[in-house]
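> Just passing along the structure, written as structure tokens.
The values are calculated or read from the model by the stated rules, or taken from the named source; none is laboratory data. In this text the structure is predicted, and so the values were computed from the model without any measurement. Note that each Cβ is placed from the backbone with ideal geometry, even for glycine, and that neighbours are counted across all protein chains shown.
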Amino acid sequence: MPIRLPWPLRRASPPSCNAPLADGEAVLRGQRCVLVYGRERKRGALHLTNRRLLFEADRGDARWLIIPLDEISRASAYRAPGSAAYHLWVETTKGEQAPFAMSRRDAEAWAQAIEDARRRLAEPETTVSDAERLLE
């Protein structure tokens, strides 16, 4: 008989993204987590695409939080003072903050994935003619 681990130790398959995606937009990563704001907590799914960060809450009136990658100034793993809880801490260029509760390992991996996606978004696309010029 298989051993069933309690959440958060048990790894579930990544949640499907219900947001409509633009042409050329692809989901890079997805995970269940909790959006923390003030004393409120919203359970839902966090998705990273090659253009934006999306959070879809399980219930409530405000179900979506969408942050374009070019509006993210920083993403990092953060441990709340006096607590064992870790968060993925996302800061926007407008000074807004969005903390997502998850494990330390997941927060570090998400922060790295967001920074990598931001870097790829900022890189100019190389066209065939540019590649041909580089080979000459």
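> So which pairs qualify, if the first residue must be in region 49-60 and in contact (Cβ under 8 Å) with a residue 12 or more places away in the chain, the second must be part of a strand (DSSP E or B) and of a type in the set (A, V, I, L, M), the Cβ gap must be under 6 Å, and the two must be at least 6 apart or on different chains?
Once the first residue is in contact (Cβ under 8 Å) with a residue 12 or more places away in the chain and sits in region 49-60, its partners that are part of a strand (DSSP E or B) and of a type in the set (A, V, I, L, M) give THR49/VAL27; ARG52/ILE66; LEU53/ILE67; LEU54/ILE66; PHE55/LEU35; PHE55/LEU46; PHE55/LEU65; GLU56/ALA45.
> Sticking with this structure for a sec: Give all pairs with beta carbons closer than 9 Å in which a residue from region 65-82 that is closer than 13 Å to ILE114 by Cβ meets a residue that is of a type in the set (Gly, Ala, Ser) and surrounded by fewer than 13 Cβ atoms within 10 Å (Cβ to Cβ); count only pairs at least 6 apart in sequence or on separate chains.
LEU69/ALA122; ASP70/ALA122; SER73/GLY95
> Report yes if GLU56 is charged (D, E, K, R), out of contact with any helix residue (DSSP H, G or I) (no Cβ under 7 Å at 6 or more places or on another chain), under 16 Å from ARG118 (Cβ atoms) and at pLDDT 90 or above, otherwise no.
Criteria not met by GLU56.
> Specify the residue that is surrounded by the fewest Cβ atoms within 10 Å (Cβ to Cβ); the eligible residues are those in region 93-110 that are in a loop (DSSP other than H, G, I, E, B) and not basic (Lys, Arg).
If we take residues in region 93-110 being in a loop (DSSP other than H, G, I, E, B) and not basic (Lys, Arg), then GLY95 is surrounded by the fewest Cβ atoms within 10 Å (Cβ to Cβ).
> Also: Suppose we filter ALA12, ALA84, ALA75 for residues that are closer than 17 Å to TRP110 by Cβ, assigned to a loop (DSSP other than H, G, I, E, B) and either at pLDDT 90 or above or more than 12 Å from the chain's Cα centre (by Cα) (or both); which single one remains?
On the way: ALA84 fails: closer than 17 Å to TRP110 by Cβ; ALA75 fails: assigned to a loop (DSSP other than H, G, I, E, B).
Answer to the check: ALA12.
> Name every residue in region 19-41 that is modelled with pLDDT of 90 or more, farther than 24 Å from ARG120 by Cα and of a type in the set (D, E, K, R), in order of residue number.
Scanning region 19-41 gives a single hit, ARG32.
> Can I ask one more? If I go through region 21-48 residue by residue, how many of them are free of Cβ contacts under 8 Å to residues at least 24 places away in the same chain and part of a strand (DSSP E or B)?
7
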